[in-house]
Amino acid sequence: CLHDGSEYSGSYIPTMSFEELKEWHIPRIRLLVESSADMIAVETIPSKVEAMAAVAVLKEHFPDVPAYVSFSCRDDNHTCSGEPIFDAVCAVAGQHKNVIAVGVNCCDPKNVPSLMKKAKEALKTIKSDALLMAYPNSGEEWSHETGWHGLKSTANGDHCLEWHKQGARLIGGCCRVGPTQIAAFERSLRSKGIMLE
């Protein structure tokens, strides 16, 4: 962790080999596995390549540990590093049998429907039965220098219904999405008789 905001942009990816990315993830994943975590969250990943490296670590070193992978995305089609979300989902969902869910987090809620649609197409293309997940942030933008800024999203229960319609079966919130919004998501889904995984 460089503590410079690059974890959101993936700007470090071109400076690291696939093996270096794996080596970086091994001790972190090992610590989680040794703590008896029920599942490993490979989350807020800005790049397809980094996600592939983390999943390779799971497959090679911890093959029986379930995990999910979620990508941070800069718009309604791309990871923060710029790869199409379709390609990123294809790259990890079929790589290891214990990747039980894939999706997006720490992204603008307005981009989730399109991202879910593309991720669902990817899973169908590779014939994966992984669940889709979406847990966006508040919609504000993060700056390493100034913190959160911009307009806060008005993501509400209606939004999560659209995410569900596009395939999301694990729904929640990331940065600056609190219990009030999560409760609104749940009420909206339950009002339509939808029970999530």
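With each label point set 7 Å from Cα along the Cα-Cβ vector, what nm distance links Ser36 and Cys175?
3.4
Using +1 at the C-beta of Lys and Arg and -1 at the C-beta of Asp and Glu, which of Thr44, Gly139, Ile182 has the Cα lying farthest in the positive direction of the dipole of the chain?
Of the options given, the answer is Ile182.
Pick from Cys107, Cys175, Cys73: which residue has the top mean-square fluctuation in a GNM of the chain where Cα pairs under 10 Å get a spring?
Of Cys107, Cys175, Cys73, the most mobile in the Gaussian network model is Cys175.
Just want the answer: with Cβ charges of +1 for Lys and Arg and -1 for Asp and Glu, which residue in Tyr12, Gly172, Ala67 is farthest toward the dipole's positive end in the chain?
About the Cα centre, the residue reaching furthest to the positive side is Gly172.
Report the net charge of residues surrounding Gly147, where surrounding means a beta-carbon distance below 11 angstrom and charges are Lys +1, Arg +1, Asp -1, Glu -1.
Charge balance in the 11 Å sphere: -2.
By a straight-distance test (C-alpha under 16 Å), which lysines pair with Lys165 as possible cross-link partners, with residues fewer than eight away in the same chain excluded?
Those lysines meeting the cut-off are Lys110, Lys117, Lys118, Lys120, Lys124, Lys192.
How far, in nm, would the chain grow between Ile194 and Asp75 when pulled straight, counting 0.36 nm per residue and subtracting the alpha carbon separation?
40.1 nm
Compute a Gaussian network model of the chain, connecting alpha carbons closer than 10 Å, and tell me which residue from Thr125, Thr146, Thr44 fluctuates the most.
Thr146
How high is the relative contact order of the chain, given as a whole-number percent (alpha carbon pairs under 8 Å, six or more residues apart)?
Averaging sequence separation for qualifying contacts and normalising by length gives 16 percent for the chain.
If you roll a 1.4 Å probe over the heavy atoms of the protein chains, what accessible area per residue do you get for the chain, in Å²?
Computed with neighbouring chains in place, this is 50 Å² per residue.
What nm value, rounded to one decimal, do you get for the distance between Asp87 and Glu121 when each label is placed 7 Å out toward the C-beta?
So the two model labels end up 1.4 nm from each other.
Please check: in the Gaussian network model of the chain (C-alpha springs, under 10 Å), which one of Ser17, Ser128, Ser70 has the largest mean-square fluctuation.
Judging by the Gaussian network model, the answer is Ser17.
Taking all protein chains together and a probe of 1.4 Å, list Lys110, Lys118, Lys22 from the most accessible to the least accessible.
Lys110, Lys118, Lys22
How big is the charge dipole of the range 58-154 about its Cα centre, in debye rounded to the nearest 20, if each Lys and Arg gets +1 on its Cβ and each Asp and Glu gets -1 on its Cβ?
400
Calculate I(q)/I(0) for the range 84-146 by the Debye formula, one identical point scatterer on each C-alpha and no solvent, and give its log10 at q = 0.18 Å⁻¹ to two decimals.
-0.63
Direction-averaged shadow area of the convex hull around the Cα atoms of the chain, nm²?
In nm², the orientation-averaged hull projection of the chain is 10.8.
Compute the signed sum of charges (Lys and Arg +1, Asp and Glu -1) over the other residues within less than 15 Å, Cβ to Cβ, of Leu161.
Taking every other residue near Leu161 into account, the sum is +4.
What length, rounded to one decimal in nm, is gained on full extension from Lys97 through to Asp158, with 0.36 nm per residue of separation minus their alpha-carbon distance?
Gain on extension, Lys97 to Asp158, equals 18.7 nm.
Over what distance in Å are the Cα centres of the range 6-41 and the range 175-197 separated?
30
The values are calculated or read from the model by the stated rules, or taken from the named source; none is laboratory data. Note that the structure is predicted; figures quoted are calculated from it, not measured. Here the Cβ is made from the backbone with ideal geometry for all residues, glycine too, and neighbour counts use every protein chain on show. SASA here: full protein model, heavy atoms, side chains in, ligands and nucleic acids out. Shrake-Rupley method; radii C 1.70, N 1.55, O 1.52, S 1.80 Å.
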